[in-house]
Amino acid sequence: MICSSINKAEKFRSIVRLVLQSFMFIILTSLISCSQTKDEKPVKVKSLKEAFEKDFYIGVALNGRIIDQSDSASLSLVKREFNSITAENIMKSSIIHPQRDSFNFELADKFVALGKNNGMHVHGHTLIWHSQLSPWFATIEDSFEFKDATEKHIKDLALHFKGVVDSWDVVNEALNEDGTLRNSIFLEKMGDEYLSLAFKWTSEVDPNAKLFYNDYNMTNPDKRQGAIRMIKKIQEKGIKVDGVGMQGHWHLDYPSLEEIEESILEYSKLGVQVAITELDISVLPNPWDLEGAEISQNFENSEEMNPYTKGLPDSIQTKLANRYKDIFKIFLKHRDKISRVTFWGVNDRQSWLNGFPIRGRTNYPLLFDRELKPKPAYYGIIGLKEKLDQLQTTN
Ligand code: XIL
């Protein structure tokens, strides 16, 4: 009897001890995570679009599964974080204008409605591009007929989306790396006039849409000079160009920050807006030091070329966050010249850089990870913005 009551008292004491210990543990860990939140995660801002509200649109490219709402998790993240959208593929000619006499507007109309219903800026990508080009263009032999068909292609699209597409990539990737004009079917059939005509035709139908020239490697000095020459030539004809799109398919180490800044300054001297239209930062080795985004290129996969299949090491995660911060420092410094910064994809899982320029790799180029969680780069750029705002209010 006595023995059993001693046992009971001891049991009671050990339970109390256990409860107290667990309580202390909970208090301590929550204190630690509170201080982590304070140091690493900004506490004031709820989203990217809120953080950069006064600076520029924060955009994102949407794939078909987000547009048709089958990927609802990504869709709600898009609504929470972004205020501008671009269609990653479904407004390219091969999809939206598959036959010469028929259009496929279904998904594009859903895309535009999504933007409008959520008060977003909607960007059209793209009217004239040699890639993902509808095959019927190449079947037209006669150059007059080709010109008429191209005019109709542009005008039909611009008319269909008049008033709902806020800005267009009128021409995409017309330049070679040395700044000369790319030998596309458009150049072949229409000569260099196709460039000014494309801008003219679009503005005739939708004078209020902002019209962009868009390309990759726009930071490379030779290509940059080519772009500037080309845009000046269009402007000299009295045809409007509203903006230059620097795609922004960049890497951890290049282009240099100086080249990025110089390019923003030089383009804006043309009297146009600058947009960063397809931002992603590859963390993977670059085969043959390939720069840019010529999508016809593809290389062999190997372990050396695909080193982070089991996750991104902390050191590279930090490097990526710092790279994003450095780049955003420049964007914020020139916020008066920059209209929009658009990321090419919502999260790392969907990024086209898992398949380009080598198929089947595991890349980590965006601000959200494969589970849609914000990465250190996300907190890095929002934290940077908050710090800059604080500095401004104390000065
Ligand atoms: C890419 C898409 O992300 C991929 O899904 C598609 O397979 C190929 O095109 N420059 C552009 C974009 O202007 O349209 C390209 O998008 C990436 C390079």
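The values are calculated or read from the model by the stated rules, or taken from the named source; none is laboratory data. This one's a predicted model, so the numbers in the text were calculated from it and none came from an experiment. Methodologically, a virtual Cβ is constructed for each residue, glycine included, from the backbone with ideal geometry; neighbour enumeration extends over all protein chains shown. Accessible surface is based on the protein model in full, side chains and every heavy atom, while ligands, DNA and RNA are left aside. Shrake-Rupley method; radii C 1.70, N 1.55, O 1.52, S 1.80 Å.
Structure above, values below:
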| quantity | calculated |
| --- | --- |
| Residues that are without any contact (Cβ under 8 Å) to a residue 60 or more places away in the chain and closer than 7 Å to Val274 by Cα, drawn from the range 238-252 | Val244 |
| The lone exception for Ile281 - which of (1) more than 16 Å from the ligand (Cβ to nearest atom); (2) within 28 Å of Lys54 (Cβ to Cβ); (3) touching a Gly at 6+ places or on another chain (Cβ under 9 Å) it fails | (1) |
| The one condition in (1) within 27 Å of Ile281 (Cβ to Cβ); (2) out of contact with any helix residue (DSSP H, G or I) (no Cβ under 6 Å at 6 or more places or on another chain) that Lys233 fails to fulfil | (1) |
| Filter pass, Leu187 being within 23 Å of Ser102 (Cβ to Cβ) and in a helix (DSSP H, G or I) | no |
| Count of residues meeting criterion [more than 16 Å from Leu48 (Cα to Cα) and out of contact with any strand residue (DSSP E or B) (no Cβ under 7 Å at 6 or more places or on another chain)] in the range 349-381 | 13 |
| Among residues of the range 337-347, those that are more than 13 Å from the ligand (Cβ to nearest atom) and either in contact with a helix residue (DSSP H, G or I) (Cβ under 8 Å, 6 or more places away or on another chain) or open to solvent by 10 Å² or more (accessible area, probe 1.4 Å) (or both), counted | 5 |
| All positions within the range 40-68 that are surrounded by fewer than 23 Cβ atoms within 10 Å (Cβ to Cβ), at pLDDT 95 or above and more than 24 Å from Val274 (Cβ to Cβ) | Asn63, Gly64, Arg65, Asp68 |
| Number of positions in the range 348-374 that are aliphatic (A, V, I, L, M), surrounded by fewer than 23 Cβ atoms within 10 Å (Cβ to Cβ) and closer than 17 Å to His249 by Cα | 1 |
| Complete set of residues in the range 69-123 that are open to solvent by 70 Å² or more (accessible area, probe 1.4 Å) and of a type in the set (Asp, Glu) | Asp101, Glu106 |
| Residues located in the range 186-197, provided they are closer than 15 Å to Trp129 by Cβ and surrounded by fewer than 16 Cβ atoms within 10 Å (Cβ to Cβ) | Glu188 |
| Residue list for the range 137-172, filter: open to solvent by less than 40 Å² (accessible area, probe 1.4 Å) and under 17 Å from Ile90 (Cα atoms) | His153, Ile154, Leu157, Ala158, Phe161, Val165, Ser167, Trp168, Asp169, Val170, Val171, Asn172 |
| Gly383 vs. criteria open to solvent by 10 Å² or more (accessible area, probe 1.4 Å), out of contact with any Cys (no Cβ under 7 Å at 6 or more places or on another chain) and without any contact (Cβ under 8 Å) to a residue 40 or more places away in the chain | no |
| Criterion: within 16 Å of the ligand (Cβ to nearest atom), in a helix (DSSP H, G or I) and among the hydroxyl-bearing types (Ser, Thr, Tyr) - qualifying residue of Ser94, Ser203, Ser131 | Ser94 |
| Unique residue being at pLDDT 95 or above, within 26 Å of Val112 (Cβ to Cβ), open to solvent by 10 Å² or more (accessible area, probe 1.4 Å) and not in a helix (DSSP H, G or I) when the list is Asn214, Asn208 | Asn208 |
| Scope the range 166-192; condition at negative phi and away from the ligand (no atom under 16 Å from the Cβ); matching residues | Asp166, Asp178, Thr180, Leu181, Asn183, Ile185, Leu187, Glu188, Lys189, Met190, Asp192 |
| Number of the exception - Gly271 against (1) at positive phi; (2) away from the ligand (no atom under 16 Å from the Cβ); (3) crowded, with 17+ Cβ neighbours inside 10 Å | (3) |
